[in-house]
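Just below is one structure, and these are the notes that go with it.
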Amino acid sequence: RLDDAQRKLQDSRSDRAQRDADAALQQVEDLQRQQREVQRDVRELPTDRGPERSRQVADLQERKDQMESAVQNLERDLDRSASGAKADNPETARQMQAAADDIRESKLKEKLQYSKGTIDQWDPESAVTLELSIENDLQSLHDRLEQAKSAASNQSEDPMEQALGNARELVRGMEA
């Protein structure tokens, strides 16, 4: 019973790493969709500085604030998930920590903040260039989380645990 309970706990921890990776991947996919919409809307901004453009710019800036907050929450969640999976699923933990590090190193939050100003102040080509950079960062993050998800789903048992399990099965067979 104790062995079964331990195995169930191990499976539950492994499932948690899988769920965390899936949730993070879903958040990044939502961010990518939002980014594509923002990028499209930046391209379609009216060139004349009237009330319509001001309204659209304010809407875009608000959406950027929401995206920045989502990235900040994602970074925190990835750090938490990585530390939680470290003991049971080190490869998944490493990939999730690398994803959180990618957010920091690419300065994704800062780019989202900075892009709010470029929408209104710079020429459209410069704003679109920055938007493409953000899109590339999100794609890199997506790829990293795909690796984490793959590591979580492909996690194999520790060879020592596997040998111990085989020995238990042999003892049970001999007892029978």
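Before moving on, here are some points about what is shown:
- If the chain linking Asp48 and Asp120 were pulled fully straight, counting 0.36 nm for each residue of separation and taking away their Cα-Cα distance, it would gain 24.8 nm.
- Solvent exposure of the stretch 25-115, expressed per residue, is 53 Å² of accessible area, with all protein chains present and a 1.4 angstrom probe.
- Computed about the Cα centre, the dipole magnitude for the chain is approximately 320 debye when only Lys and Arg (+1) and Asp and Glu (-1) carry charge, each at its Cβ.
- Sorting Glu146, Glu169 by solvent-accessible area of protein heavy atoms yields Glu169, Glu146, largest first, with a 1.4 Å probe.
- Solvent-accessible area, 1.4 Å probe, carbon plus sulfur percent, for the stretch 22-176: 48
- Calculated FRET value between Ala23 and Leu170, using beta carbons and R₀ = 41 Å, to 0.05: 0.55
- Relative contact order (percent, whole number), the chain, Cα cutoff 8 Å, 6+ residue spacing: 32
- For the peptides 70-79, 45-54, the ranking by packing is 70-79, 45-54, with the highest mean count of neighbouring Cβ atoms within 10 Å listed first.
- With a 1.4 Å probe rolled over the protein heavy atoms of all chains, the accessible area of Ser126, Ser81 falls in the order Ser126, Ser81, largest first.
- Axis angle, to the nearest 10 degrees, between helix 2-43 and the longest C-alpha principal axis of the chain: 10 degrees.
- Geometric descriptor of the stretch 55-122, per residue, is 63 Å³ (volume of the convex hull of the Cα atoms).
- Rounded to the nearest 500, the 222 nm mean residue ellipticity of the chain from helices alone is -31000 deg cm²/dmol, with -39,500 (n - 2.57) taken per DSSP H run of at least 4 residues.
- Between 0 and 90 degrees, the angle of helix 159-175 with respect to the longest Cα principal axis of the chain falls at about 30 degrees.
- Taking every Cα-Cα distance in the chain and sorting them into 5 Å bins from zero, the calculated P(r) comes out as 1, 8, 15, 16, 12, 10, 9, 7, 6, 4, 4, 3, 2, 1, 1, 0, 0, 0 percent.
The values are calculated or read from the model by the stated rules, or taken from the named source; none is laboratory data. On a predicted model such as this, the values are computed, not experimentally measured, just so you know. Glycine also receives a Cβ, built like all others from the backbone with ideal geometry; neighbour counts cover every protein chain displayed. Surface areas here come from the heavy atoms of the whole protein model, side chains and all, with no ligands, DNA or RNA. Shrake-Rupley method; radii C 1.70, N 1.55, O 1.52, S 1.80 Å.
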